[in-house]
Amino acid sequence: MANLVHMVAPARRVPPCADTGDRRYTPVNGGARFLLRLREAAIGPAAEALGIDLAVPLNRASVVNSRGAMRLSPDEWLLLWPETEAASVAPLLAARLTDRRYSLTDISHRQTGLMLNGAAVPDILNSGCALDFDLAAFPVGMVTRTNFFKAEAVLWRQDEFSFYLEVWRSFVPYVWSLLSIVGREYPE
Amino acid sequence: MTQAYRLAAGGRIDRSRTLGFSFDGKHYKGYQGDTLASALLANGVHLVGRSFKYHRPRGILSAGAEEPNALAGVGCDDAHYTPNLRATQVELYDGLKAESQNRSPSLVRDYGAVNDLLWRFFPAGFYYKTFMWPRKAWTKFFEPRIREMAGLGRSPQTPDAACYAQRFAHCDVLVIGAGPAGLAAALAAAKTGARVILCDEQAEPGGSLLAEPDAVIDGLPAADWLKAALAQLAAFPKVKVLARTIAFGYFPHNMLGLAESLTDHAGEPDDTSPRGRLWQVRAKEVVIAAGAIERPLVFPDNDRPGIMLAEAARIYAERYGVLPGRKPLVFTAHDSAYRTALALHRAGCAVAGIVDMRPAADGPYAAAARRAGLPIYLASTVSGTGGRLRVARATVVSLAGGAEQRIDCDTILMSGGFTPSVHLFSQSRGKLVFDATLDAFLPGAPAEACRVAGAGAGLQTLKEALESGAAAGAGAVGGAAVTYQVTNAPLARGGFIGVVPGHVDPTSVRAFVDYQNDVTAKDVSLALREGMRSVEHVKRFTTTGMATDQGKLSNMNALGIMSAELGKPVSAIGTTTFRMPYTPVPFGYFAGYARGELFEPERRTAIHGWAAERGAVFEDVGLWKRARYFPQGGEDMRAAVARECRAVRGGVGIFDASTLGKIEVVGPDAAEFLNRMYINAWTKLQPGRLRYGILLREDGFIIDDGVIGRVSETCFHVTTTTGGAPRVLAMMEDYLQTEFPELDVWLTSTTEQYAVIALQGPLARQVIEPLVEGADISAKAMPHMSMVECRIAGVPARLFRVSFTGELGFEINVPADYGRSVWEALMESGLAHGITPYGTETMHVLRAEKGYIIVGQETDGTVTPADVGYSGMIGKAKPDFVGKRALAREAFATQTNRKQLVGLLTADPALVLEEGAHIVADPAQPKPMTMLGHITSSYWSETLGRSIALALLRDGAARTGETLHVPLESGDARVTVVSSVFYDPEGVRLNG
């Protein structure tokens, strides 16, 4: 029998996004993601262990180097981590939070990111997302869980006209198709 | 055709752009800026429709959304066809193709007009009275006939070729209506830096200012002021002006629905760009500046083509440069109609007279009419009209009596005064207050953060409209009030509601109150005579104000009639509800992008592409696409499934189980949490072991099931059914937050984190083993219902030894992006073992052979664990779990005939029973038979070489060996009750 054990880990294959020719949308492939849940008392120690501020206001992102922590609810953070550093996250937290009163779940493959850049992006998002994207209501640095049409999404405003959208992988073709259709209403 | 009624100059149309269009196949010319109505009038066409009930010839009555008669079907073909469009709102474009409705064969010769001769037999409520007997004739004759006659317009039969857009929007102030009040409101709000959306139904913002040649605002002629105001608004970055956008609905918490027409005005030239856009606007404050609608006068035969509203006639002349006729007769109870008479007189018409119901008319317009020498008949009324397809004469009589005077005319322009458009305010649940001096319902206390300005609030002069608008706009955002200097826009007064007094027998004539629904004054009186007292009852009995009218034209006149006959003031009668939409909105606006493949998200697994490339047949499971079977060559489903089943039982099959719901339950209290949720005991389950869990609702019935693995002391990998995943997570989260907030445990959906590959069959281990790193998966080291974390094909994996087929089986959980690569590695490794991909159909057959239930198939929301033989799984020592108390109810303990899971074998082994078929003891018993149960699953079992079925059967456990019957369409099938486990009852193969 052929020994296949030592085959190299294959490349990640993300859900397909057909080339729409719309340069405002870019799939963001790869990367590690974790969902971190913990009680208030553990916020400080966890932040120290991870080297990132977690005590940010609700619906705000904290970014250090290329790590991001998005506070989605009082006890919930979405961590976006470089894939190369992903393996250290669990041991760092386990070493610090020895009472184990937290949950760290790897969801690196659960969802995929899409980067949206362009002056029309707030309008395009408003086709299927009911939120107010006025800078006063949704400032740069805000991140929230929301819906884009019938897909659950996490939306992070990185700049006035730059949004980072995360959706579950099986919803990617649906979201991508809608973005491309709506995008035609707002020529580049 | 020449445009014989077009003025040589004036108006806002572009005479350099001639447009060709057709109406009922006849070709005409119009200009850019025309509506279909104004272009038809320019060509002298008044006859544009037939009325709903009596098929009476009807003409263009108005110049706006309130049009009841001029309904047309418009579109170049069936896929672009929209029925029931108001010609007054249809913008003209080159090549426009319109047709009239409710006539056969033509407008001029309409067979339905026989109804008009028989009008005495069609009183209000005649449907309720006429067709009571004979009873059978209703379904066989009357109803089909009425359905055929009912309804206006023709539904297109081809799918709509257009696409539609949708948008959510937020603003500080939404201003509805871009007339003077709305413009002033938007300007006042915009000056404070507020976010403003100003919408208007017309192509051009301006409202009444679009037909205002006289007034001067702040030193500028109205048209110039309008231009300046729009330029000012355009310069504010936070102001959005939406033309061709109708606010059709006012929803709770200041959510408004707007329908923006995008390409209708150009004839939908391109199917790939949206025809219209639905806006859902959440506004902090709303300013309604919707204006007022002129009321018709209710006099005998007030519906002939050529009879129109006076203000509409003036708009046609001033805005479109079109004369509605050459010899108009004006009939009025309001000063503004004198303005119309003057405008037409100036434009060269021979005004036949102004008939005023009032004993005196003093306003500046009346004075000017007198100066111009127009004949005025005060304290007079129109007692009748003549002319078949176009009005040709009227009889005028003094209210004091005396001889009738016949006046020849080609149009009658009427004005009963103005009704404030309170539709949206009423939709917002704001209270209406009756103003007896204006004979109008006005907005009272609002229920939402909204203000009403201008004519819609009962204000009557341009200056008041502008200043009330500014006050509303400023007030909404804390800005400053503004005053306006307005000249040449005097107050016009007057008005009348109800049926016009005359000297005719009211029962012998028809004076229309509601043109669209063919409701006459006589009908309203009849309703009262028959005992209707509430305005809502009168509305339903007569149909007045129904359909698209929604009280726009008919409401106040019907109330006037009721008030007079009941001897009660209008304020004591009240008004009907103004329903949304304000004007009809095509369905496509609401469907938006959700059509075809985007109707619902189509969820695909990481392995979907592999299966699709190999010709798999997919089925929908919830939103997921799942491979149902993999036909080879010319195989049909039965042959493919038989082959796949043989492969699994005899060798090894591979199956994509990625859609299974997965929840990571983590925390020191994870086991305790699962103890409280599932019927099973979890505390003693060791890390590395699996257990099949059953989840109940509070009422004790099974809602979900799945295998749960203990990854570590504090971490469980829970699986759920494919369809149940979101429901189970929501239920768990609900209990966790509301019932068990003290538990240190957190839930995370991992359904999409993992691709799940099931390898099932006696050779499964041989396929996986070469790919495994970091684990011993031998039968000894890894028994049935155990799990291990390892690497498979170089990828970190959670490997479960579990079986839903009864064979030696594994389920490999790998991060989803690696799913297809691992699948392909397994295929390669399995090549030598004849590995066979199988789909959900085979999975269903194999599990049925083993009697494994599928939640939702063997259960239907009324099945307890005991009913399916799972009582033994209940953790007896647990103090509580969801559903425990329900199971302890006496009813369950004492009921002896509960439906229980059994197996059935047909006497004819080739017969596959129908799922859902009933089971009876004696097929010869009289109907209705006593049902003993029903078939839940039924398949051809390739393994057993015969058919098998699972069923829920009353007292089933005690019936083993009994012969029962299943009546089928093809005849009676004899069945024997057996155990629900058909294959390998000892479970030897699981432990291979």
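The values are calculated or read from the model by the stated rules, or taken from the named source; none is laboratory data. All figures in this text were calculated on a predicted structure; none of them were measured in a lab. Here the Cβ is made from the backbone with ideal geometry for all residues, glycine too, and neighbour counts use every protein chain on show.
Scan the stretch B:46-90 for residues that are assigned to a strand (DSSP E or B) and in contact with an Asp or Glu (Cβ under 7 Å, 6 or more places away or on another chain) and the total you get is 5. For the stretch B:429-441, the set of residues classified as more than 30 Å from the chain's Cα centre (by Cα) and either surrounded by fewer than 20 Cβ atoms within 10 Å (Cβ to Cβ) or among the basic types (Lys, Arg) (or both) consists of B:VAL433, B:PHE434, B:ASP435, B:ALA436, B:THR437, B:LEU438, listed by residue number. Filtering A:LEU79, A:LEU104 for residues that are within 9 Å of chain B (Cβ to nearest Cβ), surrounded by 18 or more Cβ atoms within 10 Å (Cβ to Cβ) and in contact (Cβ under 8 Å) with a residue 24 or more places away in the chain leaves a single hit, A:LEU104. Scanning the stretch B:490-516 for residues that are crowded, with 23+ Cβ neighbours inside 10 Å and of a type in the set (S, T, N, Q) yields a total of 1. Against the condition within 11 Å of chain B (Cβ to nearest Cβ), within 23 Å of B:VAL665 (Cβ to Cβ), small (Gly, Ala, Ser) and surrounded by fewer than 20 Cβ atoms within 10 Å (Cβ to Cβ), how does A:ALA94 come out, does it pass? Here the answer is yes, as A:ALA94 does meet what is asked.
Confirm whether A:THR84 is over 19 Å from B:CYS715 (Cα atoms), within 14 Å of chain B (Cβ to nearest Cβ) and either surrounded by fewer than 19 Cβ atoms within 10 Å (Cβ to Cβ) or in contact with a Pro (Cβ under 7 Å, 6 or more places away or on another chain) (or both). In short, no. Taking the stretch B:90-129 as the range and being within 30 Å of B:SER261 (Cβ to Cβ) and in contact with a Lys or Arg (Cβ under 6 Å, 6 or more places away or on another chain) as the test, the residues that pass are B:ASN102, B:ARG103.
Checking the stretch B:610-621 against the condition returns no match, with no residue being within 13 Å of chain A (Cβ to nearest Cβ), crowded, with 22+ Cβ neighbours inside 10 Å, touching a residue at least 40 places away in the same chain (Cβ under 8 Å) and not in a helix (DSSP H, G or I). Under the condition of being within 14 Å of chain A (Cβ to nearest Cβ) and under 23 Å from B:VAL988 (Cβ atoms), the residues counted in the stretch B:768-789 number 4.
Of (1) of a type in the set (Val, Ile, Thr); (2) farther than 23 Å from B:GLY956 by Cα; (3) out of contact with any Cys (no Cβ under 8 Å at 6 or more places or on another chain), B:THR842 satisfies all except one. Which? All conditions pass for B:THR842, except number (3). Evaluating B:VAL855 against the criteria (1) outside any loop (DSSP other than H, G, I, E, B); (2) under 28 Å from B:LEU674 (Cβ atoms); (3) aliphatic (A, V, I, L, M) leaves one unmet condition, (1).
Contact annotation: residue pairs with Cβ atoms under 7 Å, 6 or more positions apart or on different chains, pairing a residue in the stretch B:182-195 that is within 14 Å of another protein chain (Cβ to nearest Cβ) with a partner that is buried (at least 24 other Cβ atoms within 10 Å of the Cβ), are B:ALA194/B:VAL173; B:ARG195/B:CYS171. Against the numbered list (1) surrounded by 20 or more Cβ atoms within 10 Å (Cβ to Cβ); (2) within 14 Å of chain A (Cβ to nearest Cβ); (3) more than 23 Å from B:GLU828 (Cα to Cα); (4) in contact (Cβ under 8 Å) with a residue 24 or more places away in the chain, B:ARG626 comes up short only at (3). For the stretch B:252-263, a tally of residues being in a strand (DSSP E or B) and within 10 Å of B:VAL281 (Cα to Cα) returns 4. Quick check on my filter: what residues within the stretch B:767-777 are touching a Lys or Arg at 6+ places or on another chain (Cβ under 8 Å) and either hydroxyl-bearing (Ser, Thr, Tyr) or surrounded by fewer than 17 Cβ atoms within 10 Å (Cβ to Cβ) (or both)? Matches in the stretch B:767-777: B:GLU773, B:GLY774.
Where strands (runs of 3 or more DSSP E) fall entirely within the stretch A:116-186, those with at least 1 residues that are within 13 Å of another protein chain (Cβ to nearest Cβ), within 29 Å of B:GLU752 (Cα to Cα) and acidic (Asp, Glu) are at A:151-159, A:162-168. Within the stretch B:38-58, being modelled with pLDDT of 90 or more and among the hydrophobic types (A, V, I, L, M, F, W, C) holds for B:ALA39, B:LEU40, B:LEU41, B:ALA42, B:VAL45, B:LEU47, B:VAL48.
Taking the stated definitions as given, is B:ALA211 in contact with a helix residue (DSSP H, G or I) (Cβ under 9 Å, 6 or more places away or on another chain) and closer than 21 Å to B:ALA63 by Cα? Spelling it out, B:ALA211 is indeed in contact with a helix residue (DSSP H, G or I) (Cβ under 9 Å, 6 or more places away or on another chain) and closer than 21 Å to B:ALA63 by Cα. B:TYR593 meets all of the listed conditions (1) within 14 Å of chain A (Cβ to nearest Cβ); (2) of a type in the set (Ser, Thr, Tyr); (3) surrounded by fewer than 18 Cβ atoms within 10 Å (Cβ to Cβ) but one, namely (3). Contact map, the stretch A:37-52: first residue surrounded by fewer than 16 Cβ atoms within 10 Å (Cβ to Cβ), second residue in a helix (DSSP H, G or I), Cβ cut-off under 8 Å, separation 6 or more or different chains; pairs are A:GLU48/A:ARG96.
Counting only strands (runs of 3 or more DSSP E) wholly contained in the stretch A:1-107, the ones carrying 1 or more residues that are under 30 Å from B:ARG791 (Cβ atoms) and of a type in the set (Phe, Trp, Tyr) occupy A:32-38, A:76-81, A:102-106.
Of the candidates B:GLY667, B:GLY706, B:GLY723, B:GLY693, the single residue that is modelled with pLDDT under 95 and not assigned by TED's automatic domain parsing to the domain that holds B:LEU623 is B:GLY723.
Scanning the stretch B:315-350 for residues that are more than 42 Å from the chain's Cα centre (by Cα) and either surrounded by fewer than 24 Cβ atoms within 10 Å (Cβ to Cβ) or among the basic types (Lys, Arg) (or both) returns B:ARG326, B:LYS327, B:ARG339, B:LEU342, B:ALA343, B:HIS345, B:ARG346, B:ALA347, B:GLY348, B:CYS349, B:ALA350.
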